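Have a look at the structure below, then the notes.
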């Protein structure tokens, strides 16, 4: 590595993947800013580039590699530090990319600023410094990096849980994030109060397997929700993705009863075929999933329900897909998040017979995308004429500003700076 004396203190961040990653990047960003760094856009020349990677699909791995190479082209003297799931799963592969200086696995993410500082100090002495990786076997990962996002003036993603003890046959996340673990409720209440003190009105609770909260502190997800419901400073709380088998009636009831919890559920289905669900090693069947949606609607008929679906899982026949399509059409959720199956090494499904070809996957994604558009339009029509509270954001496009209702309908209005960060009642 070249000597880089005279380097400034501009840092840029790039995040791939889930909202959990975004909350962690924001926490890393605050540490750099607290030590005098100037944050710049990732398209600008920076002295330090931090990439927080995803590895849920091969496309995510490829995008991470492309981003690293682009940053190296932008400034060949910059320090490039890589963390996230891809860094845990394939650190040596990342180290081979020209320009990479640091690769930090799951147990070392919180050390990123310190490692960059040490590297700069060594570099300033004129010595040659080679690329370094800090990682350990995922079975040895014990720490949980505290994080919440603060880049948005209106909402924050609060990390309440990390890791997953489920071993779905297609998923690399347990290999990248480790076992389920969490901070104690008392710590998270303080984090939520800190977020509220910044003027942020909405908190989204996020994690790898959010509903599994409490494994390391002998608490429960319901305990957490009850504690947060009593924090008066928090005006709006959303619950991010939660497994259907962990979505209890008590949780649904609390969300419907407490005014600061929002009627918004994001529930992974993955397949409407029990045969495919069994092959995926999911912990529920379609009948349980349908019961959960019915329960939500019994407490709040206008709740937004987003559903994750994977198409093209090995062995998914045309009739299996049709079963999924018809099941979703009958359930009529508000929106579908659709993912084509991606074959990942070191997962059981990668070795399954009857892998589905890419053309069939694209056709199935297209069919469900069209269904999702119809479902969301129906959900909007269902809400026409209702009075709702909208939290407006600062973004402006074409003279318009936007915000989201409690049940996650996007609302546009002519821009009014007095509305930014405010909760305004509107008739839909």
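All of the numbers you see were taken from the coordinates with simple rules; none came from a lab. What you are looking at is a predicted structure, and each value in this text was computed from that prediction instead of being measured. Don't worry about glycine lacking a Cβ; one is built from the backbone with ideal geometry, like all the others, and counts go over all protein chains shown.
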Q | Highest to lowest packing among 409-421, 222-234, scored as the average C-beta count within 10 Å | A | 222-234, 409-421
Q | Extended-chain gain in nm, criterion 0.36 nm per residue less alpha-carbon gap, residue 285 and residue 317 | A | 9.7 nm
(Q) Based only on Cα atoms, what mean projected area does the convex hull of the range 17-73 have, in nm²? (A) 4.1 nm²
Q.
Taking only Cα atoms of the range 387-427, what ratio of Rg to Rh do you get with Rh as the Kirkwood inverse-distance radius?
A. 0.92
Q: Return the inverse of the average 1/r over all pairs of distinct C-alpha atoms in the range 196-277, which is the Kirkwood hydrodynamic radius, in Å to one decimal.
A: 13.8 Å
Q | Packing rank of 94-103, 334-343, where each peptide gets the mean count of other beta carbons within 10 Å, highest leading | A | 94-103, 334-343
Q: Specify the angular offset, from 0 to 90 degrees and rounded to the nearest 10, of the alpha carbon long axis of helix 286-299 from the longest principal axis of the alpha carbons in the chain.
A: 80 degrees
Q) How do 303-310, 271-278 rank on mean C-beta neighbours within 10 Å, highest first? A) 303-310, 271-278
Q. Using the Cα gyration tensor of the range 242-388, with a ≥ b ≥ c the square roots of its eigenvalues, what is the shape: rounded (a/c below 1.5), prolate (a/b larger than b/c) or oblate (neither)?
A. prolate
Q: May I ask you to derive the relative contact order of the range 328-412, considering only C-alpha pairs under 8 Å and at least 6 residues apart, and to give it as an integer percent?
A: 24 percent
Q: Go ahead and run the numbers for FRET between residue 381 and residue 353, Cβ-Cβ distance against an R0 of 60 Å, rounding to 0.05.
A: 0.85
Q: Over all alpha-carbon pairs of the range 124-273, lay out the pair-distance distribution in 10 Å bins, whole %, shortest bin first.
A: 10, 37, 31, 15, 5, 2, 0
Q: Counting only C-alpha contacts under 8 Å and six or more residues apart, can you give the relative contact order of the range 1-102 as a whole percent?
A: 28 percent
Q. So how do 142, 194 line up by other beta-carbon neighbours within 10 Å, fewest first?
A. 142, 194
Q.
With an 8 Å Cα cut-off and a minimum separation of 6 or more residues, compute the relative contact order for the chain in percent.
A. 11 percent
**Q.** Isotropic mean projected area of the C-alpha convex hull, the chain (nm²)
**A.** 21.2 nm²
Q: Return one number: the angle in degrees, 0 to 90 and rounded to the nearest 10, between the long axis of the Cα atoms of helix 112-124 and the longest principal axis of the Cα atoms of the chain.
A: 20 degrees
Q) Taking Cα atoms, how many degrees apart are the long axis of helix 358-383 and the longest axis of the chain, rounded to 10 and kept between 0 and 90? A) 60 degrees
Q: Order by neighbour count: 120, 159, fewest other Cβ atoms within 10 Å first, most last.
A: 120, 159
Q: Over 27 Å, how big is the tail of the calculated P(r) for the range 10-139, in percent of all Cα pairs?
A: 9 percent
